[in-house]
Structures are given as C-alpha cells and as structure tokens.
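Chemist: Below you'll find the structure I mean.
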2 protein chains.
Amino acid sequence: MEHVAARAGVSRALVSIVFRGVPGASEATRERVLAAARELDYRPDTRASRLGSSRTRTLGVTFSVGHAFHGDLLESLYTHADAAAYELVLSGVTPSRSEEAAVETLLAERCEGIVLLGSSQSTAQLTRLAGRVPVVSVLRPSSVEDVGVVRTDDGAGLRLAVEHLRSLGHTRIALLDGGRTAGGAERRRGYRTAVRRLPALSEIVLPGGLSELEGAAAALAFLDLSPRERPSAVAAFNDRCAIGFIDVVRQHGLRVPDDVSVVGFDDITEAGYPHVALTTVRQDAEQLGVEAVRALADRLDGSAATAPARVVIQPELVVRSSTARPSEVESPRPRPDLS
Amino acid sequence: MEHVAARAGVSRALVSIVFRGVPGASEATRERVLAAARELDYRPDTRASRLGSSRTRTLGVTFSVGHAFHGDLLESLYTHADAAAYELVLSGVTPSRSEEAAVETLLAERCEGIVLLGSSQSTAQLTRLAGRVPVVSVLRPSSVEDVGVVRTDDGAGLRLAVEHLRSLGHTRIALLDGGRTAGGAERRRGYRTAVRRLPALSEIVLPGGLSELEGAAAALAFLDLSPRERPSAVAAFNDRCAIGFIDVVRQHGLRVPDDVSVVGFDDITEAGYPHVALTTVRQDAEQLGVEAVRALADRLDGSAATAPARVVIQPELVVRSSTARPSEVESPRPRPDLS
DNA sequence: GATCTGGACTAGAGCGCTCTAGTTCTGGCT
DNA sequence: AGCCAGAACTAGAGCGCTCTAGTCCAGATC
C-alpha cells in the first residue's frame, strides 16, 4: 500500500479511499492510484482491512461438502451476499470435521453473521451460538428464538406430492421417511396430514433417508410386501432417495411409473435429466439464498433490532414422467376414460 | 485478549504464548489463562493473528461446489492441512463465480499456497498465478513449470479398464470420451494406447462427459448402432457418466453386464452402493489430498527451494458387478469353460 | 478583500494480535 | 555470599489496513 501511495504520489489514506470506493478522491487521482496498483500487482489485504474497520462485512457459512443441494444454495448465497456488499467465508462439514468445529473457525474469523446449511446442532448449541452472533438456519427449522430460520414448507411439499398422487387415482401411497435429518419430521407430518385429509388413503411409512442407498433399501422393503399390500405410489424423502428406489425396483422388473409412481423432493439437477425425469417437489435454492442473506443483512445493517426472520418458502410440484395413473390391478373398477 | 490477561493476572504476551501453544509459560499459568479465556468465552481473532505473524499458515483451495469428488478431496485436505498445522480457506467456483474470482479472494486473504481442484485455467493464467504464490493443481495436469501437479495416472487408469474388459473376452470396447475436461485428454490417450497394444481391439469413441446427462446421451448414440457394430463393453469417462449410460441402456431393455459391460472412473461413493455396484477405476482422494498438502508444505516450510512437486498416483481397478464376459453373440467361438 | 464552503487530501491513532529484546525470578554451583 | 543459567514473564514495536480529525486550497458570497 505504501508503495502504491508513493507511486501515485498520494498518501496511504487516499489509496484506502480509492480501494474502498468511498467518496473523497478526484476521478484523476482515482485512476492514478488504480494504475499504480495494477503496475505493482497490489491488492488490499482483506485480513488487515477487516481488522482495521469496525465491521468485517463477512458472513460465515457451514455446509456439507459434496452435498449437491448445498452447492446450489452456495451459488445463490455467493451472488446475494455480494449484492449486499458482504463477503462469504465457507467452512465445510465432513465426516471427520464436525459442524461445531466448522462454526468455531467462523467465529474466530469474526464473521458478523452465520448461515448454517442443514444444521444438525442441538437446541442448546444453537442457543449458545445465537447468543454470540446472528444466526440463520437454512433448510432446518429450530425452536430457538434467536435463530433465524429460512426453509421450504416441507409439510406443504409432501401434501403436494400426496395430493398429486391421489388425484392420479392412487390410494396406496407410501412415504419413504427421512427420519431425523433436516426437514424429516416436517415432511412426515405433511404426509400424515395429507393422508388423513384425503379420502381412501391409509398411512404406509417405509424407512428411507438422504441418499440413494436408503432409497435402495426402501425398495427392497417395498418388494418384500405382497402385491396386495404393496403401494402403487411412493413419496420419497428426497430426490436421491427416490432415484435409488427407482433403480432397484426397475432392476426387479417393475416399471416406473406403470407399476409404481414415484415423487421426489428438492428438484436437484439430476431430477431434470431427461432419462431420469423425476416428478418432484421443487425447493427454490435461489430464493432460500436470497432470504438467508436478507435475514442476516437486515439484522446487521438495520437500525432497528428486528427479530430474527422466520421465512417459509412454498415449494412447487414439478411433474415429469415418474408418476402416472395406477395400473388396472391397483384400481379396482375399470375406468371408461383410460384412452 | 486484554481482559483475559487481566483476569489471569498476566501480560497479553503470555496469553498469546499460551494460545499459540509455544513454550514459555508454566503449566500453572497456562491453565489459569485457559480458564480465564473459557470464562470470558474468548477465542483468538484469526485475522489479527495472521496479520501479526509473518506467516499466515493458510492454504487456499478452489473447488466446484456440489461436485462429489471435490467433496472427498476437501475432506482429505482438511485433515492433512490440520496435521501440517495449516488452516484451509475455501473459495467456491460456481456457474456464476469464476475460478479467477475464486483465486482472487484467496490472494487477498494472503494464503501462502493455493490448491486448485480440477482447474480449468489457461496456461497463461496459471503462469501468472504461480509467479505470485506456490500453486498445486490437483486432478488436472499442467505444463506450467512452476505449478505443482498432483493427479491420478489417468492414462494408466483407462489402460486398466480396457485390459480388464479385454481379459474378460471383450473385443469391441468403446470409450465414452470426456472431451476437454480435467483428465479428459490423458484418459483418451490411455484408451488409445491400450486398444493399440492389445490384440483384436479397434478404437470406438463415443462423446461422453462429466455427468449422467452426457452418459445418457452416449447411451442413445450406442443404441443407435446396429447390433453388429455395437460394442460389448464401454469404459466411461467417469462414474457419473457410466451411471447415466447404464440407466438409459437398461431402460431400453439391455442388461448390464449381460448385454454390455461398463466400467467407470473415480469410485465415487455411489459406485459402491450395492444396487449400483459399478466396476470402476478408483482415484484415491485421500492420497491426492495428502500429496497436495505435502507439495505445498514442502515448498513453504522447506529450507531448500525445492522444485514444484509432480506426483502421479496410480489408480486401482475395483471390480464389482457391472462387468462380465461378453454374451455368446459377441464371442465368435463358443468357449468350453463357460460354466 | 475578508469570509465561508466544500472537495481533495493527509497525519496518525487505532484494530488485536505476534514477536524480539528485554527483565525478573528461581535454584544450583562454586 | 556471589554468580550464573535458564525458565517465566513483560514491554512495546510492528503487521497492513481503517477512520477520525484534521489541513489546504479553489472558488463563491458579500
């Protein structure tokens, strides 16, 4: 910085002014400084600038490395943090690096706010964290008052899925359950509500989970059922679970959607591939990112100490080719309008 | 820090000594300081410590968000950077955030070294970057002299795949090509070498790519071939491509491995799932991570200014259930030992 | 011509650490 | 007692920025 200032014939303070883009420098000087910086290949040291200023304008994000949907969210977060003049600091969660450790490094970086993607921290941990710094939990609801929540209406998503299947004529609709993972409880609840509300449905819950592996296991359980008790449709916890399920039932000679209809959740990129063409409940990654940034930015920049945001985004059903009317065997009375 | 020092009844310098874990404090004081810090919920500010010390002991990593294999690599990098007493700073590459931008933020953080996962930067860009800071390119070779390279022997990997298929009796073995992506050229070369070296093989290259989508497209091209000219086995650019291919050929009534054998590349987690059981060429993420950290740590810590590392890790064939002997139609002479 | 105004610029004190060059204290040895 | 080594601890100057409180000066106002 010293060198740039000398080269441009100004003080260090002026260089700072130019690089922060604040008013206080004439156009001519601005260009002279920028030119000098370019020649010297100088770029401001973010560590030092964060130290010097009272604000770090930095948002920390914990995410699971290799998780496809988290990738989509990160993309959105990058874009909107940038627009709100915040920088993102990423901290990955891996099997050997806990979410707590990830959060710890973010705190040590003095991030002004923290975004947790699919957090699995306990209420106690979240409470403690939220006491230190504004926190928003994305994808996973939390009862902690100080924690902002930005999520999809998981319950509504499952209701959409079940209603879609029911409207096609299915009466035996199973849930491939997500258990204790982020959103699992809400989706299960949504499924139950829909099953109760709609006529002629009974509740069938098969253990599922986050990945293809659990979907495949659920398919085995499904195939073990006698054809009489076998559901004609399933709503999976997520797309990957649905894909694993479909893979296995197909390998056992069943056709999708002819023999069994399947709907997923998330709308990951793969679900839209023509050869997959999965009917699914779409979570809007873009929107979730927007709201997460907004939730923190509002609290940080806002004059009023607003309460933490609680944003619930409505999901949308995307109908592709993994769902259809049940085959004759399933629907007792032959329909006249089969065409 | 001030407060902690006061509470423990020592100077700030002592607190620094304790937190850096360097000798110079008695056991009693050490515990007193730690206790005081715990009570005050204090943790050192990494920005400030990096600023104060001459070394930042920080390694920057660019990676594609949502890329499964990059996730595996990150996990390994985290572990081994930690062991070498380095911190990791992640910078994600997304469709809207270029690798250049990602690198730029790492430079501004004053990382001491940079790890590029699957870089797609030009030689010119890499040359410029390597002039500023030690760089190691993981997964993608580079002719730039100053850039360290840690990669799998992609060529050998494809030779393994082809040899495996040939030894099963296949003579029409196609490559689902990866084009210009990281490793694409080397794998193509390995395929060609193997095809030339082994008897009775001819070269069949179908356009493939990084994802299931390209695999699916390749499958369509494959199915368009007349049964006579149709290969009995394919070596795919990677696992995801292989999975897309398998999906589509199965949907068209072909059986894998009975009608066509398929081998992938990478050994992503999914490949090992029982319902997928993909025969594949395994890249050792753990080892790649170890070597990437070592390559940088050696240059940074080493007294001698060693030349950048060029590490090539040998891949390993993992045989699962997507490969088998060709069916009768394919092998002209009936074998006596079919059992 | 004196006064005022506002834009352009600078001096220098932080920010929260690290680290060198000390000082002080303890205990062992002659 | 006198001396000394080494462990334990401290003072204070950075690190590369930011930011407040200025200074300086050209031009407008009366």
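The values are calculated or read from the model by the stated rules, or taken from the named source; none is laboratory data. These figures come from a predicted structure and were not determined experimentally. Cβ: placed from backbone, ideal geometry, glycine included. Neighbour counts: every protein chain shown. Protein only, heavy atoms only, side chains kept; ligands, DNA and RNA dropped before computing areas. Shrake-Rupley method; radii C 1.70, N 1.55, O 1.52, S 1.80 Å.
Chemist: Residues in the stretch B:131-165 near a label at B:Arg197, defined as backbone nitrogen under 15 Å from the 7 Å Cα→Cβ point?
Modeler: Label zone hits: B:153-165.
Chemist: Here's a follow-up. Output the antiparallel fraction of DSSP beta bridges having both residues in the protein assembly as shown, as a percent to the nearest 5.
Modeler: Numbers: 9 of 85 bridges.
If we restrict to bridges inside the protein assembly as shown, about 10 percent are antiparallel.
Chemist: Another question, if that's okay. Any chance you could check the Cα centroid distance between the stretch A:113-148 and the stretch B:2-18 for me, in angstrom?
Modeler: So the separation of the two Cα centres works out to 31 Å.
Chemist: Quantify how strongly other chains surround peptide A:281-289 by giving the mean number of their Cβ atoms within 10 Å of each of its Cβ atoms. Each step should come with its number before you reach the end.
Modeler: Details: counts 0, 0, 0, 0, 0, 0, 0, 0, 0.
Mean shielding by partner chains, rounded to a whole number: 0.
Chemist: For the ranges B:87-93, A:145-151, A:230-236, what's the packing order if you count other beta-carbon atoms within 10 Å of each residue, average per peptide, and put the highest first? Don't skip to the answer; put the middle values down first.
Modeler: Values: B:87-93: 23.6, A:145-151: 21.3, A:230-236: 27.3.
Sorting B:87-93, A:145-151, A:230-236 by mean packing, highest first, produces A:230-236, B:87-93, A:145-151.
Chemist: List the residues, sorted by chain then number, that are 5 or more residues from B:Val89 or on another chain and whose placed amide H is less than 5 Å from its amide H.
Modeler: So B:Val89 has HN proximity to B:Leu59, B:Gly60, B:Val61.
Chemist: Whenever you get a sec, compute what percent of the accessible area on the protein assembly as shown sits on carbon and sulfur atoms (1.4 Å probe).
Modeler: After summing per-atom areas, the C and S share lands at 51 percent.
Chemist: Which residues of the stretch B:87-114 show a drop of at least 50 Å² in accessible area when all protein chains are present, compared with their chain alone (probe radius 1.4 Å, heavy atoms only, ligands and nucleic acids excluded)?
Modeler: Flagged in the stretch B:87-114: B:Leu90, B:Ala108, B:Glu109, B:Arg110.
Chemist: A further question follows. When each copy gets a label point 7 Å from Cα toward the beta-carbon at A:Arg310, what are the spacings between them in nm, shortest first?
Modeler: So the distances to the same position in the other copies read 6.2 nm.
Chemist: Then there's this: For the stretch B:92-213, give me the percentage of DSSP beta bridges that are antiparallel, rounded to the nearest 5 percent.
Modeler: Numbers: 1 of 13 bridges.
Percent antiparallel among DSSP bridges in the stretch B:92-213 is about 10.
Chemist: Oh, and also: Output, in nm with one decimal and in ascending order, the distances from the B:Glu27 label point to the matching label points of the other copies (7 Å from Cα along Cα-to-Cβ).
Modeler: The answer, with the shortest distance listed first, is 7.1 nm.
Chemist: Right, next: For the ranges A:54-60, B:114-120, B:49-55, what's the packing order if you count other beta-carbon atoms within 10 Å of each residue, average per peptide, and put the highest first?
Modeler: Numbers: A:54-60: 17.9, B:114-120: 24.4, B:49-55: 13.0.
Ranked from most to least packed, the peptides come out as B:114-120, A:54-60, B:49-55.
Chemist: Can you tell which of B:Arg228, B:Arg97, B:Arg32 shows the greatest fluctuation in a Gaussian network model of chain B with Cα springs below 10 Å?
Modeler: Among B:Arg228, B:Arg97, B:Arg32, the largest mean-square fluctuation in the Gaussian network model of chain B belongs to B:Arg32.
Chemist: Now for a separate question. Hey, in the GNM for chain B with a 10 angstrom Cα cutoff, which one of B:Phe19, B:Phe69, B:Phe222 fluctuates hardest?
Modeler: Most flexible of the set in this elastic network: B:Phe19.
Chemist: Could you tell me what percent of the DSSP beta bridges with both partners in the stretch B:46-119 are antiparallel, to the nearest 5? The partial results should precede the final answer.
Modeler: On the way: 1 of 12 bridges.
Here the share of antiparallel DSSP bridges comes out near 10 percent.
Chemist: Using a label point 7 Å beyond Cα on the Cα-Cβ vector, give me the inter-copy distances for A:Ala221 in nanometres, one decimal, shortest first.
Modeler: Those label-point separations list as 4.1 nm.
Chemist: Calculate the mean, over all residues of peptide B:202-215, of how many other protein chain Cβ atoms lie within 10 angstrom of the residue's Cβ. If you can, show how the numbers build up before the last one.
Modeler: Details: counts 0, 0, 0, 0, 0, 0, 0, 0, 0, 3, 6, 7, 1, 2.
Counting other chains' Cβ atoms within 10 Å and averaging over B:202-215 gives 1.
Chemist: Could I ask something else about it? Just checking the output field for A:63-72: average partner chain Cβ neighbours within 10 Å of each residue's Cβ? Working shown, then result.
Modeler: Details: counts 5, 1, 14, 14, 4, 5, 1, 3, 10, 3.
Mean partner-chain Cβ count within 10 Å for A:63-72: 6.
Chemist: Under a crude label model (7 Å from the Cα following the beta-carbon direction), how far is A:Leu300 from A:Asp146 in nanometres?
Modeler: 1.8
Chemist: Which whole-number percentage describes the relative contact order of chain A, with Cα contacts under 8 Å and a sequence gap of 6 or more? Can you show the working numbers first?
Modeler: Numbers: 636 pairs, mean separation 53.9, N = 339.
Rounded, it is 16 percent for chain A.
Chemist: For the stretch B:221-247 and the stretch A:42-65, compute the distance between their C-alpha centroids and round to whole Å.
Modeler: The stretch B:221-247 and the stretch A:42-65 have Cα centres separated by 48 Å.
Chemist: Now for a different question. Probe 1.4 Å, all protein chains in place: accessible area of B:Met1 in Å², nearest 10?
Modeler: Rounded to the nearest 10, that gives 80 Å².
Chemist: Using r as the Cβ-Cβ distance of A:Glu316 and A:Arg55, and R0 as 35 Å, what FRET efficiency do you calculate, to the nearest 0.05?
Modeler: Numbers: r = 37 Å, r/R0 = 1.06.
For A:Glu316 and A:Arg55, the calculated efficiency is 0.40.
Chemist: Further question: Let me know the shape class of the protein assembly as shown, please: from the alpha-carbon gyration tensor, a ≥ b ≥ c as square roots of the eigenvalues, rounded when a/c is under 1.5, otherwise prolate if a/b is greater than b/c, or oblate. Present the calculation step by step, with values, prior to reporting the outcome.
Modeler: On the way: a/c = 2.17, a/b = 1.37, b/c = 1.59.
Since a/c reaches 1.5 but b/c is at least a/b, the shape of the protein assembly as shown is classed as oblate.
Chemist: Here's something else I'd like to know. Using the heavy atoms of the protein chains alone and a 1.4 angstrom probe, what is the accessible area of the stretch A:154-278 per residue in square angstrom? Before the final figure, lay out the partial values.
Modeler: On the way: 4630 Å² over 125 residues.
Solvent-accessible surface per residue comes out at 37 Å².
Chemist: Go ahead and set up a Gaussian network model of chain B, Cα springs under 10 Å, then flag whichever of B:Asp82, B:Asp41, B:Asp301 fluctuates most.
Modeler: In the Gaussian network model the winner is B:Asp41.
Chemist: Okay, helix-only estimate at 222 nm for chain A: each DSSP H run of n ≥ 4 adds -39500 (n - 2.57), divide by all residues, round to 500 deg cm²/dmol; what do you get? Intermediate results must be reported in sequence, preceding the final value.
Modeler: Details: 12 runs with 145 residues, N = 339.
Calculated mean residue ellipticity at 222 nm is -13500 deg cm²/dmol.
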